[in-house]
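K.L.:
Below is one structure. I have some questions about it.
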Amino acid sequence: MARITAGIASSHVPLLGMAVDQGKTGDDYFGPIFAGYEWTKDFEKQEKPDVVILVYNDHASAFDMKIVPTFAIGCGESYKSADEGFGPRPVPDVEGHPDLAWHIAQSLILDEFDMTIINEMEVDHGLTVPLSMMFGTPDEWPARVIPLAVNVVTYPVPSGNRCWALGEAIGRAVESFPEDLNVQIWGTGGMSHQLQGPRAGLLNREWDNKFMDLLIGDTDEARWIEHIEYIRETGTEGIEMVMWLIMRGALGKKTRCLHRHYHIPCSNTAIGHLVLEPKPAG
Ligand code: DHB
Ligand code: FE
């Protein structure tokens with residue numbers, strides 16, 4: 001039986017991809033940010049996940065205003081790195097897991113989550129930066145990846161509660177896959193950031209840390225945070241954090257925190273990172 005053994009949350013700032021690609025991860029600016037991921041890199045070397053369900057948002061790379069799926073799942077064999085204006089990142093292609101992805105798609109749709117199915121697309125920093133943060137610079141990514149894209153770019157975006165419930169449904173889908181697979185789920189994006197307008201540069205250390213607290217233990221309070229609170233407290237792009245709730249929902253009633261890291265600023269963004277394990281309730 002496939003099992004979700006861990007959940008990881010991480011910001012996905014494009015500048016971090018550039019730091020990796022240009023060998024600057026140890027300098028004064030980036031050193032303290034990357035230091036907070038060393039624990040996780042070791043963890044991943046021990047855990048060796050077979051598959052990562054990688055919840056992220058596309059930033060007008062695979063989709064544009066012609067098509068904006070609310071929830072989309074990648075069922076393809078592989079995905080190339082998108083050109084976001086500076087050429088594609090020099091990272092390995094992302095290998096999918098079509099069997100598990102189609103199984104999850106079927107399970108979710110019969111569970112009344114009407115997923116968009118994607119067989120071909122390119123993946124941008126939302127997906128490749130977290131891979132670099134957790135796995136470093138291998139010749140091939142050490143895990144298969146099922147991209148799960150969420151619209152947090154154009155309103156209406158899905159509610160926190162809907163995201164949490166989707167996570168719960170993903171948990172049920174994975175558990176009903178017969179093959180023995182070590183599966184992780186990652187939620188990316190956030191934390192506080194606003195990239196444009198009069199409040200550009202807004203960061204909120206206190207709110208971000210309260211949000212991380214709410215993902216640990218047996219509370220599900222975070223699913224009820226309204227869009228307006230994310231925007232008011234964490235800036236317009238802080239809404240990306242609803243994707244962390246999909247990860248959290250998939251871990252079940254209770255979690256334990258294995259690792260936690262917070263750093264500001266990175267580019268215009270607060271870096272937040274959590275490694276959680278599902279715990280039986282009680
Ligand atoms: C930045 C952060 C993001 O999450 C993103 O998608 C793009 C840019 C930034 O801080 O530069
Ligand atoms: Fe983003």
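K.L.:
When TRP102 is evaluated against the numbered criteria (1) in contact with a Cys (Cβ under 6 Å, 6 or more places away or on another chain); (2) in contact (Cβ under 8 Å) with a residue 40 or more places away in the chain, which criterion, by number, is the only one it fails?
P.N.:
(2)
K.L.:
Here's a follow-up. Filter region 44-71 down to the residues that are open to solvent by less than 40 Å² (accessible area, probe 1.4 Å), within 20 Å of ALA9 (Cβ to Cβ) and not aliphatic (A, V, I, L, M), then identify the one that is nearest to ligand 1 (Cβ to nearest atom).
P.N.:
ASN57
K.L.:
Looking at GLY7, GLY31, GLY23, GLY36, which one is more than 16 Å from ligand 2 (Cβ to nearest atom), on the phi > 0 side of the Ramachandran plot and not hydroxyl-bearing (Ser, Thr, Tyr)?
P.N.:
GLY23
K.L.:
Please find, among ARG232, ARG256, the residue that is over 15 Å from the mean Cα position of the chain (by Cα), of a type in the set (Lys, Arg) and assigned to a strand (DSSP E or B).
P.N.:
Criteria check complete, one pass: ARG256.
K.L.:
Ok, one more. Please go through region 178-218 and pick out each residue that is more than 16 Å from ligand 2 (Cβ to nearest atom) and open to solvent by 60 Å² or more (accessible area, probe 1.4 Å).
P.N.:
PRO178, GLU179, ASP180, PRO198, ARG199, ARG205, GLU206, LYS210, ASP213, ASP218
K.L.:
Could I ask something else about it? Considering every residue within region 248-256, establish whether at least one is within 14 Å of ligand 1 (Cβ to nearest atom) and over 19 Å from ASN161 (Cα atoms).
P.N.:
no
K.L.:
Looking at the structure I just gave you, is GLY190 within 16 Å of ligand 1 (Cβ to nearest atom) and either under 17 Å from the mean Cα position of the chain (by Cα) or in contact (Cβ under 8 Å) with a residue 12 or more places away in the chain (or both)?
P.N.:
Here the answer is yes, as GLY190 does meet what is asked.
K.L.:
Examine region 94-104 for a residue that is farther than 23 Å from ALA250 by Cα and buried (at least 20 other Cβ atoms within 10 Å of the Cβ), and state whether such a residue exists. Quick ask: steps written out before the conclusion?
P.N.:
Of all residues in region 94-104, those farther than 23 Å from ALA250 by Cα come to none.
No, region 94-104 has no match at all.
The values are calculated or read from the model by the stated rules, or taken from the named source; none is laboratory data. Everything numeric in this text was worked out from a predicted model, so none of it was measured. Don't worry about glycine lacking a Cβ; one is built from the backbone with ideal geometry, like all the others, and counts go over all protein chains shown. Side chains included, ligands, DNA and RNA excluded: accessible areas come from the protein's heavy atoms. Shrake-Rupley method; radii C 1.70, N 1.55, O 1.52, S 1.80 Å.
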